[in-house]
Amino acid sequence: MTHNIFYKQALLVFSFLFFMTYAFAQENVIEEVFVTAEKRSESVQDISQAVTAISGEDIESKNINSFVDLSAIVPGVTVSKNEGYKTVISIRGVGNETNQNAIAAPSVAFHMDGIFIASPFSLQTDFIDVDRIEVLRGPQGTLFGQNSTGGVINVISKKPSMEGYFGKSDITFGNYGLTKFRSSNNIVLNDSSAARFSISTVERDGFSDNVVTGQDLDDDSNFSLRADFLTDLGNDSSLRVFGQFFEIDRNGSAMKGIDDPTPNARDLSQDSISNHELTSSVFAAIYESDLGYANLKIMASIQEDDISVTRDNDRHNYGDPVLAIPGLPMGSTYQRAEFRPETSVVDTSTFEVNLVSNEPAMNGKLDWTLGAFYMEHEIENHIRGYRDNDLDGELQYVCGESFARDDYCFTVGGPDPWFFFEFDFVSDAFPKRESFSVYGETTYSITDQFRILSGIRYSDDEVNSCVKNFFSNTCDNLSGSSDKTTGKVAAEFDLDEDTLGYLSLSAGFKPGGTNLTYGFTDDNAPPLVFPNFEAETVESIEFGIKTDLYDGMARANIAIFSYDYENLQFQATDPDPYRGGVANIPESEMTGMEIEFTGLLSDELTLDMNLAFLDSKVSSDYMALDNVDAYQYFFGEEDLRYGLRKNINGNELAKTPEFTADITLTYETVLKSGTQFSGIMQYVKRGEFQQRVNNNPIVDAIDAYDILNLTANFDFVGDKWGLDFMILNATDEDGVNSSMTDVFGVAATGLELIPPRQFMARLSMSY
C-alpha cells in the first residue's frame, strides 16, 4: 500500500511543479484535435459539450486494446464485466443496470464509424486499425438518440487511402503466455478505389485457476478481421463499404464466489466447466456526397452476434461451507448449480440519412443538421440453468444433450412445470425491437462571440416478445411502446480567442421493454416486477469551460453537471422467488465535475491529468426488495419476502465512484543514434462504489484501487522499426473490477478482479 501512496504523491507533485515552471516551457504547443461529435468536423475545443478524443498514437502507447481499457484514460467512464462476458459501460454513473434482460437497452451508445451498433455483446470486440476514439459524455438525445442517456462512444477506423501501398505489422509477447499479432495494409486498387485490410490474433493463458476442474480462467483466444473499401464516385461523392468480424473462444471468466474458501485471490473452487464463445460481425455501407449547400450521408448496416456461455452459477464447489450469506445457517453447504448453456443470437439492421450544412445560411449565421434513423433489432435467447434439487451432488441433464448421461437424465414433457426437474432457470425469449426517429440541430451566431445551439429529436420505439419459461411452456406474447421528444439547448460564448464557455440543457431517453419473468397479482404478495418496464428519461444541465493557456502550452477543460432521472431502470427482485427483472425507480439525481488538463512542462515532458468527481442518490421514496435479504425465504413465503422491502431513498446509484483519476507523465526525446524515445508513467485511481442500488454492504461495496502502468517506446528512424516495453499494473494490485449478484440467488455472487501485473514487449514494422 505504501508504494501506491508514494507514486500517487509523486505524480501530484509533478502536476504542481507545472504551475511553478510553465514559464520555462519552450516553443512547443498542444496540437488541435478535430472530432465529428456533432456530425461535422470541428475542433474539440469549439464544441459545447464534454468530449474526449483519444488519438491512434495514444491508443498504441497507452495499450488501449478494448472498451475495458477506456476506464484508465477517460474521465467519468467506468467499464465493468458482469458475469465475465457482458461489458457494461457507465459514463458519469449512467450505464446498463439491467444486465439480466436481453432486450433492455444500454445507456451508452456504441458507434463504429458513425454507425450505431446495437448488441451489447459487441462491446467485447478488440479495437482494430483505429484512427481515434471519441467519447461524448452526457445525454445525447438529439443527434444520437435513444440509448444514449449516459453518452456515446464512437470508434473511428482508419480509412483506405489513395496514396499508395503501405502498412504496419507488430507482434507482442508477454507473461501468461501472451502472443498477439496485428497487421494493417493499405492497397490502391485503381485511380478511384482503395482498400484496407486488417487482422489481429490474441492468445493468452488465464490469470486465475480453478483448482477443482484444472481450468485456467480469464484466458484470451481472439481473432479479428476487417476489410474496408473506398471508391471515389466523382462529383464529390464516395462510397465506403466495410466488414468487421470478431471471434472469441475462451475458457471463461474467473468470477470468484463471495464465500469461496480458496485462500489465493486468483484461485477459485468451482465444480463446473466454464466456456465462453462469441462471433460478432458488422457489414456496412456509407455513401457521402457534397451537394454544395450541404453534405449528404447515407449509412446502412447488417449486424449479427452469436454468443454461448457455460458457467458455474453457484460459483462454488459442491459441499463448500457457507460462511457469510444471510439466511443460510453457518455450517450448511452449497448446492450445485450451473448454466449449460445461455445462448443469444442478435440480428440488427440499421439505416440512417443526414444532411449537414456546408456553408452557414442566413448571412453566415446559421449552421444546421437534419436526419432520420431506423433500426430493427431481433434476439433469440435461450437459457438452461441446472440445479441439484435432489442434493445427490450430481446434476441430472436433459436426455439427448451431449453432456448428459444415458443412465442419469430426464425428459421434459407433460404438464409439469420445468422446475420440478433439475432445472434452476429456463427461458426462451424472442424479443423484437423496432425504432424510428427524426432529428434536427441548429447553431445560430447572435454575435461573433455568442451562439445558441438548439436541437430536437422525436423517437418511436416498439418491442414485441414471445417468452417461455419454467413457469409455462406456452408463449406469453408481450408488447410495449415508447415515444419521446428529446432535445438540447446550449449557449456558447467566447470569453477570448482561446476560451469557450457554455451552458447546456439536454434531455435523454432510453426505451422500455419486456421482462423474462415477472410477478402475478394472485400470489401471496403484490408483485414488484411487471411484464413491461417503463422508459427511462434524464434531464441534465451542464456548465463548461474550455481554454488554451500560456500561448498553447497548456489546455484545461472543466465540466460541471447535474442530472435528474425519471423511471431509472434497474435489476429488481420480486416476492416470487423465481421471478424478477427490470423495474423503474421514480426519481434519482446525480451531480459531478470533470477536469481534463494537458501541460507541456518542457519540450520533452508532458503532463496529462483527468479527474472526475460524482455524487449520486435515489431522490424519491421507493420500496425495493433485495434478494440478499430475501434469500432465506422460498415458495409459499412470498408475504415474508415482501415484508423485507426497504426504502432505498438516499441510496447511492450503481457504479458511480466518487473519485476517479488518470495522471500521466510522458517523456519524449531523440537519442544520439536518431532513435525517438518516449517513456510513459501512468497512474490510475478508481474510487469505491456500490455495485447495485440496494447498497448491501455484503455484496455491493466495491473497494477503490490504484494502478501504475509503465511504458518505454523506441522508434528507430530510417528503418521503420519500433520496439515497445510495457509493465501494466506494475504494483500487482488485486483490485475488484465488479461484482455480480444473480437476481434469484445471492449465493451466486461473484467478484471479478482486474488483471494482475503483465510484462509485454512489442516489435513493430512499418512499410
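Within the set of pairs 6+ apart or on separate chains, which have a first residue in segment 716-736 that is closer than 14 Å to Phe207 by Cα and without any contact (Cβ under 8 Å) to a residue 40 or more places away in the chain, a second that is of a type in the set (Asp, Glu) and loosely packed, with under 14 Cβ neighbours inside 10 Å, and C-beta atoms under 9 Å apart?
Sorted first by the residue in segment 716-736, then by its partner, the pairs are Val736/Asp703.
Of the numbered conditions (1) over 27 Å from the mean Cα position of the chain (by Cα); (2) modelled with pLDDT of 95 or more, Leu644 satisfies every one except a single condition; which is it?
Single failed check for Leu644: (2).
Checking the condition of a type in the set (Gly, Ala, Ser) and either touching a helix residue (DSSP H, G or I) at 6+ places or on another chain (Cβ under 6 Å) or without any contact (Cβ under 8 Å) to a residue 40 or more places away in the chain (or both), which residue from Ser200, Ser183 passes?
Being of a type in the set (Gly, Ala, Ser) and either touching a helix residue (DSSP H, G or I) at 6+ places or on another chain (Cβ under 6 Å) or without any contact (Cβ under 8 Å) to a residue 40 or more places away in the chain (or both) holds for just one of Ser200, Ser183, which is Ser183.
Select from segment 136-161 the residues that are surrounded by fewer than 24 Cβ atoms within 10 Å (Cβ to Cβ) and charged (D, E, K, R) and write down the one among them that is nearest to Asn222 (Cα to Cα).
Filtering first and then ranking leaves Lys158.
Within segment 582-635, restricting attention to residues that are in a loop (DSSP other than H, G, I, E, B) and of a type in the set (Asp, Glu), which residue is farthest from the chain's Cα centre (by Cα)?
Asp603
With surrounded by fewer than 18 Cβ atoms within 10 Å (Cβ to Cβ) and in contact with a Leu (Cβ under 6 Å, 6 or more places away or on another chain) as the only criterion, which of Ile187, Ile171 stands out?
Residue meeting the stated conditions: Ile171.
Can you list residue pairs whose Cβ atoms sit under 6 Å apart, with the first residue in segment 146-172 being on the phi > 0 side of the Ramachandran plot and outside any strand (DSSP E or B) and the second being surrounded by fewer than 18 Cβ atoms within 10 Å (Cβ to Cβ) and at pLDDT 95 or above? Count only pairs 6 or more apart in sequence or on different chains.
Filtered contacts from segment 146-172: Gly164/Val188.
Could you figure out which of (1) of a type outside the set (A, V, I, L, M); (2) at pLDDT below 85; (3) buried (at least 20 other Cβ atoms within 10 Å of the Cβ) isn't true of Ser435?
All conditions are met except number (2).
If you take the residues in segment 740-767 that are farther than 24 Å from Asp209 by Cα and among the hydrophobic types (A, V, I, L, M, F, W, C), which one is modelled with the lowest pLDDT?
Filtering segment 740-767 for residues that are farther than 24 Å from Asp209 by Cα and among the hydrophobic types (A, V, I, L, M, F, W, C), the one modelled with the lowest pLDDT comes out as Phe744.
Just checking, which of Glu637, Glu594, Glu589 is surrounded by fewer than 23 Cβ atoms within 10 Å (Cβ to Cβ) and over 30 Å from Thr521 (Cα atoms)?
Criteria check complete, one pass: Glu589.
Could you give every pair whose Cβ atoms fall below 6 Å, whose first residue belongs to segment 208-226 and is touching a residue at least 24 places away in the same chain (Cβ under 8 Å), and whose second residue is part of a strand (DSSP E or B) and of a type in the set (Gly, Ala, Ser), counting only separations of at least 6 or pairs across chains?
Note: pairs meeting the criteria are Leu217/Ser208; Asp218/Ser208; Ser224/Ser200; Arg226/Ser198.
Hey, can you tell me all the residues within segment 96-120 that are modelled with pLDDT of 80 or more and either small (Gly, Ala, Ser) or surrounded by fewer than 23 Cβ atoms within 10 Å (Cβ to Cβ) (or both)?
Answer for segment 96-120, where residues must be modelled with pLDDT of 80 or more and either small (Gly, Ala, Ser) or surrounded by fewer than 23 Cβ atoms within 10 Å (Cβ to Cβ) (or both): Ser107, Ala109, His111, Met112, Asp113, Gly114, Ile115, Ala118, Ser119.
Need at least 2 residues that are of a type in the set (S, T, N, Q) and closer than 29 Å to Leu370 by Cα per element, so show me which strands (runs of 3 or more DSSP E) inside segment 420-520 make the cut, counting only ones lying wholly within it.
It comes to 432-445, 450-469, 472-496, 499-510.
Is it the case that some residue within segment 543-554 is buried (at least 21 other Cβ atoms within 10 Å of the Cβ), in contact with a Ser or Thr (Cβ under 6 Å, 6 or more places away or on another chain) and hydroxyl-bearing (Ser, Thr, Tyr)?
No, segment 543-554 contains no residue that is buried (at least 21 other Cβ atoms within 10 Å of the Cβ), in contact with a Ser or Thr (Cβ under 6 Å, 6 or more places away or on another chain) and hydroxyl-bearing (Ser, Thr, Tyr).
Which of the residues belonging to segment 246-263 are surrounded by fewer than 18 Cβ atoms within 10 Å (Cβ to Cβ) and either within 30 Å of Arg336 (Cβ to Cβ) or among the aromatic types (Phe, Trp, Tyr) (or both)?
Asp249, Pro261, Pro263
Are any residues in segment 513-536 in contact with a Lys or Arg (Cβ under 7 Å, 6 or more places away or on another chain) and of a type in the set (Ser, Thr, Tyr), and if so, which ones?
The answer is Thr517, Tyr518.
Just to verify a result, which residue in segment 492-505, among those that are among the aliphatic types (A, V, I, L, M) and under 30 Å from the mean Cα position of the chain (by Cα), is farthest from Ser445 (Cα to Cα)?
Of everything passing the filter in segment 492-505, Leu505 is farthest from Ser445 (Cα to Cα).
Tally time: how many residues in segment 404-419 are outside any strand (DSSP E or B), modelled with pLDDT of 80 or more and surrounded by 12 or more Cβ atoms within 10 Å (Cβ to Cβ)?
Adding up the residues that qualify gives 1.
Name every residue in segment 217-236 that is buried (at least 16 other Cβ atoms within 10 Å of the Cβ) and not in a strand (DSSP E or B), in order of residue number.
The answer is Asp218, Asp219.
Please tell me if Ile133 is under 24 Å from Asp220 (Cβ atoms), part of a strand (DSSP E or B) and modelled with pLDDT of 90 or more.
So Ile133 passes the test.
The values are calculated or read from the model by the stated rules, or taken from the named source; none is laboratory data. Treat the numbers as computed from the prediction; the structure is a model and nothing was measured. Every residue, glycine among them, receives a Cβ derived from its backbone with ideal geometry; neighbour counts consider all protein chains shown.
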